[in-house]
Each structure stands twice: as C-alpha cells, then as structure tokens.
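Scroll down for the structure; my scribbles are underneath it.
The values are calculated or read from the model by the stated rules, or taken from the named source; none is laboratory data. The structure displayed is predicted, hence computed values, not measured ones. Virtual Cβ from ideal backbone geometry, glycine too; neighbours counted across all protein chains shown.
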Amino acid sequence: MMQRKPGYTRPVRQAGFTLIEIMIVVAIIAILAMIVYPNYTEYVHKSRRADCQGALIGLGAAMERHFTANSSYKGAATGGADTGAPTIFPSECPLDGNKKYYDLRIAVASTTAYTLSAAPKGAQNLPEPDRCGTFTLTNTGVRDITGQKTGVTKEDCWQ
C-alpha cells in the first residue's frame, strides 16, 4: 500500500462551462432573437397604429363639432387652403406622452367635405417605413390607407 505524504491532496477538478457550451447557448439565443424581434416590433407598431386611429377618429369628431358651429369644415387648419395641422385638435398622436409617432393633418377641407390623414413618423418609420403607410378618414366615414407596402390592404391595418 502506498502512503501519502502529509499535506498532499488530490487535485480538485474545476467546475464550469466550456467555450463550446457557451457558444452553443449564444447561438440558440441569437436564433430565438431573430424569430421574436420582428414579431415584437410588429406588435408595438400595431398598438401605436390603433392608438392613432382613435386619435384620427377623434379629429373627425372635432371636425363635425367645427361644422356644427360654423356650417363649414373650412377654417380648422393652420395651412393655406384650409389644410395642414389642425387648430381644433392636437396635431400629433398619441395625444398624451412625449414620443409622437404620427402627424395628424387635414388633407382636404371644403364647405361640405374633408379628408384627414395620419402619417407615421419617428420610431414608427424606423428602421423602415411602417407597412400600413398613412391612414385617411373622410367626412363620410371612409377609412383608407396610402403608401402601404405591396399586398397590404386597409382591412389589414384599420382595426
């Protein structure tokens, strides 16, 4: 039998992860991120679109109040030809909060008709333009979109 010298201990095996194991975990996380991130950004864009659609409808209600008081849709915007940023309603949405994702505009206004628009801006257009483009609403309640990506319909965007 072999005797050990006093104070001699067996080498202790170090516990931990190998570089290969860590690289596999990083690769799996990267693959999951590539799948999840586009869905997350679309969800965020969709919630911003819904909020702005509500604001656009609110601007439409403000236009109707303006018509009731003035017998005309004219005079509700800052620009020439009664177009541009509204003076009777906030010009950006969301209506509260600091970051604004859409510009609300009166695109056309006459005595008897109007067309409103909500154009995406800032983070709603980054890293590429929003797939739904610009929302429009008329005095007859017609909802539409312009500047959308190919294959996207107003039914895909208006909720």
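Among (1) in a strand (DSSP E or B); (2) touching a helix residue (DSSP H, G or I) at 6+ places or on another chain (Cβ under 8 Å), there is one condition GLN159 misses while meeting the rest; what is its number?
Every listed condition holds for GLN159 apart from (1).
Filter region 35-78 for residues that are in a loop (DSSP other than H, G, I, E, B) and exposed (fewer than 13 other Cβ atoms within 10 Å of the Cβ); which is modelled with the highest pLDDT? Steps first, please.
Taking region 35-78 and keeping what is in a loop (DSSP other than H, G, I, E, B), we get 71-76, 78.
Now narrow it down to the ones that are exposed (fewer than 13 other Cβ atoms within 10 Å of the Cβ): 71, 75.
Details: SER71: 94, GLY75: 91.
By that ranking, first place goes to SER71.
Looking at region 67-89, which of its residues are of a type in the set (S, T, N, Q) and under 28 Å from the mean Cα position of the chain (by Cα)?
Going through region 67-89, the residues of a type in the set (S, T, N, Q) turn out to be 68, 70-72, 78, 83, 87.
Within region 67-89, THR78, THR83, THR87 qualify.
Looking at region 13-62 only, could you name the residues that are of a type in the set (Lys, Arg) and under 14 Å from the mean Cα position of the chain (by Cα)? Write out each step before concluding.
Here is the first cut: in region 13-62, the residues of a type in the set (Lys, Arg) are 13, 46, 48-49.
The answer is LYS46, ARG48, ARG49.
Restricting to region 106-141, what's the tally of residues that are touching a Leu at 6+ places or on another chain (Cβ under 7 Å) and either among the basic types (Lys, Arg) or touching a residue at least 40 places away in the same chain (Cβ under 8 Å) (or both)?
Here is the first cut: in region 106-141, the ones touching a Leu at 6+ places or on another chain (Cβ under 7 Å) are 106-107, 116, 118, 135-137.
Then keep just the ones that are either among the basic types (Lys, Arg) or touching a residue at least 40 places away in the same chain (Cβ under 8 Å) (or both); that gives 106, 116, 118, 135, 137.
Matching residues across region 106-141 total 5.
Which one of these does TYR43 not meet: (1) among the hydroxyl-bearing types (Ser, Thr, Tyr); (2) touching a helix residue (DSSP H, G or I) at 6+ places or on another chain (Cβ under 8 Å); (3) closer than 18 Å to TRP158 by Cβ?
Tallying (1) among the hydroxyl-bearing types (Ser, Thr, Tyr); (2) touching a helix residue (DSSP H, G or I) at 6+ places or on another chain (Cβ under 8 Å); (3) closer than 18 Å to TRP158 by Cβ, TYR43 fails exactly one: (2).
Right, ASP82: of a type in the set (Asp, Glu) and surrounded by fewer than 18 Cβ atoms within 10 Å (Cβ to Cβ) or not? First the steps, then the outcome.
Numbers: of a type in the set (Asp, Glu): yes; surrounded by fewer than 18 Cβ atoms within 10 Å (Cβ to Cβ): no.
Taking the combined requirement at face value, the residue does not satisfy it.
Among the residues of region 122-142, which ones are more than 20 Å from GLN159 (Cβ to Cβ) and touching a strand residue (DSSP E or B) at 6+ places or on another chain (Cβ under 8 Å)?
ASN139
Can you find, within region 47-71, the residue that is farthest from ILE106 (Cα to Cα) among those that are charged (D, E, K, R) and in contact with a helix residue (DSSP H, G or I) (Cβ under 9 Å, 6 or more places away or on another chain)?
This residue is ARG48.
Just the residues that are aliphatic (A, V, I, L, M) and at positive phi, please, taken from region 63-103.
ALA81 - this is the single residue of region 63-103 that is aliphatic (A, V, I, L, M) and at positive phi.
I'd like the full set of residues that are of a type in the set (D, E, K, R) and assigned to a loop (DSSP other than H, G, I, E, B), limited to region 115-149.
Let us first name the residues in region 115-149 that are of a type in the set (D, E, K, R), namely 121, 128, 130-131, 143-144, 149.
Scanning region 115-149 gives LYS121, GLU128, ASP130, ARG131, LYS149.
With the condition kept exactly as written, say whether any residue in region 10-29 is surrounded by fewer than 12 Cβ atoms within 10 Å (Cβ to Cβ), β-branched (Val, Ile, Thr) and modelled with pLDDT under 90.
Yes: one or more hits.
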